[in-house]
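Trainee: I am attaching a structure below and will ask some questions about it afterwards.
The values are calculated or read from the model by the stated rules, or taken from the named source; none is laboratory data. The structure presented is a predicted model; accordingly, all values stated were derived computationally and were not measured. Neighbour counts run over all protein chains shown; Cβ positions are idealised from the backbone, glycine included.
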Ligand code: SF4
Ligand code: SF4
């Protein structure tokens, strides 16, 4: 197999030999300060880096250069995303699954875990609970099971979610994280009005992949790895990729992740909309110590910084798998979206008594959404509930064009302020309201155009009077 980013064959665009070559090259040059400085200069142009150059930065051992990598990642994040952080929550629909993934408690052989699938009434209750927290953006999750979770069920759930309007609440964007499927199914998801289709590769190493997925349809490496191409053929413009760090060597995964991004850009003209950086976590029947590739917080943060530099215009997501301390550090280095107030169990937002029974992983950040919003503002960020882009048709290359030119901030920033105001009025605690109003007042002054400032002031006044859902 020969490396070819334009190929549609998994083993050619994620080519094992090319990844091993890249990791070898990065290790050989990890102390090559001249080369590292050259790569940093290139990165400062904010056009991204290819997987080879980015891998050299990841391998770098020189303290002063590592600081430069962090500083540059922070600067790029500010330039492209400003200080807004978009919030979302996962919604687990069903934990029935026919796959045998060794790192996930939903694997078919786990007989300890209760199996549960939400009815449409239960979906509606979960959505109301999520709306009552203040969420506007969800990522739905379901195991792979053609009998229990067919595409028809997923589509019904999406319909239910969008149909619920409780008090001032509304879910305005549903992202979907379900198993690799057919072009036809992806088209149906597109027609149902989904935001991003998310599918983690878990590991790019084919041998490891097949070992970790011993049974079930997910065992097929090519079917899984080529899923994003089918999703894009089905009309889904925005796709989210990610690996489960800890399953295989992080340098290998990092190169594979960037090669996947390069492939999507080369073939479809648009790279991934988001990259997620989950790490293997403890769960029922799962002990992270069983995976000997776990990586420490320092390297985890470095990976985030190098992703930020390599693909400046791709959103980066971190979940409540991580502790507040790690989240704080990594957000600064490039994360643009985080989950908050999450439950990772089926029906977990309503079932207060036993919400942990069906959890996919232990949540390390157990704060409420209000607490997360409050914390973000104290750390200097604007918590945002914005969902404007796909509703305004800014998806795929239209989105990327705005993002690459740095123009998207002109939408993100005012939208963050207006959606934060909605949250303050409808869901926030007293202290969060006080703090939030100060943040809004301060941040209006940071909108470059005085005309836009006036529009935002006018809309904020109308939101206070009861109007909702303004957007740029
Ligand atoms: S990771 Fe997904 S496919 Fe694998 S067992 Fe868990 S729910 Fe099923
Ligand atoms: S304007 Fe678009 S990119 Fe910016 S926060 Fe809203 S949805 Fe995201």
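Trainee: Exactly one condition in (1) at pLDDT 90 or above; (2) within 30 Å of residue 259 (Cβ to Cβ); (3) in contact with a helix residue (DSSP H, G or I) (Cβ under 9 Å, 6 or more places away or on another chain) is not met by residue 344; state its number.
Mentor: Residue 344 satisfies all of (1) at pLDDT 90 or above; (2) within 30 Å of residue 259 (Cβ to Cβ); (3) in contact with a helix residue (DSSP H, G or I) (Cβ under 9 Å, 6 or more places away or on another chain) except (3).
Trainee: Could you check, for the range 154-162, whether at least one of its residues is within 16 Å of ligand 1 (Cβ to nearest atom) and farther than 28 Å from residue 15 by Cβ?
Mentor: Yes.
For (1) over 28 Å from the mean Cα position of the chain (by Cα); (2) modelled with pLDDT of 95 or more; (3) not in a helix (DSSP H, G or I), each residue gets a yes or a no:
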{"residue": "34", "(1), (2), (3)": "yes, yes, no"}
{"residue": "55", "(1), (2), (3)": "no, yes, no"}
{"residue": "58", "(1), (2), (3)": "no, yes, no"}
{"residue": "61", "(1), (2), (3)": "yes, yes, yes"}
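Trainee: Scan 162, 92, 96 and give me the residue that is surrounded by fewer than 21 Cβ atoms within 10 Å (Cβ to Cβ) and within 30 Å of residue 208 (Cα to Cα).
Mentor: Among 162, 92, 96, only 96 is surrounded by fewer than 21 Cβ atoms within 10 Å (Cβ to Cβ) and within 30 Å of residue 208 (Cα to Cα).
Trainee: Could we say that residue 130 is in contact with a strand residue (DSSP E or B) (Cβ under 7 Å, 6 or more places away or on another chain), more than 14 Å from ligand 1 (Cβ to nearest atom) and over 26 Å from residue 390 (Cα atoms) here?
Mentor: no
Trainee: While we're here: Give all pairs with beta carbons closer than 8 Å in which a residue from the range 381-392 that is touching a residue at least 24 places away in the same chain (Cβ under 8 Å) and closer than 7 Å to residue 84 by Cα meets a residue that is within 7 Å of ligand 2 (Cβ to nearest atom) and not in a strand (DSSP E or B); count only pairs at least 6 apart in sequence or on separate chains.
Mentor: Pairs that qualify, where the first residue is touching a residue at least 24 places away in the same chain (Cβ under 8 Å) and closer than 7 Å to residue 84 by Cα and the partner is within 7 Å of ligand 2 (Cβ to nearest atom) and not in a strand (DSSP E or B), are 382/416; 383/416; 384/412; 384/415; 384/416.
Trainee: Check residue 220 against each of (1) surrounded by fewer than 16 Cβ atoms within 10 Å (Cβ to Cβ); (2) touching a strand residue (DSSP E or B) at 6+ places or on another chain (Cβ under 8 Å); (3) closer than 26 Å to residue 252 by Cβ and name the one condition it does not meet.
Mentor: Result: residue 220 fails condition (2) only.
Trainee: Another question, then. Name, by its number, the condition in (1) more than 25 Å from the chain's Cα centre (by Cα); (2) farther than 27 Å from residue 296 by Cα; (3) loosely packed, with under 15 Cβ neighbours inside 10 Å that does not hold for residue 8.
Mentor: Result: residue 8 passes all but (1).
Trainee: Looking only at the range 107-127, which residues are more than 12 Å from ligand 1 (Cβ to nearest atom), in contact (Cβ under 8 Å) with a residue 60 or more places away in the chain and part of a loop (DSSP other than H, G, I, E, B)?
Mentor: Within the range 107-127, 112, 114, 116, 118 qualify.
Trainee: Which ones in the range 347-369 are at pLDDT below 90, more than 16 Å from ligand 1 (Cβ to nearest atom) and either in contact with a strand residue (DSSP E or B) (Cβ under 8 Å, 6 or more places away or on another chain) or over 19 Å from residue 280 (Cα atoms) (or both)?
Mentor: Within the range 347-369, 351, 352, 353, 354, 355 meet the criteria.
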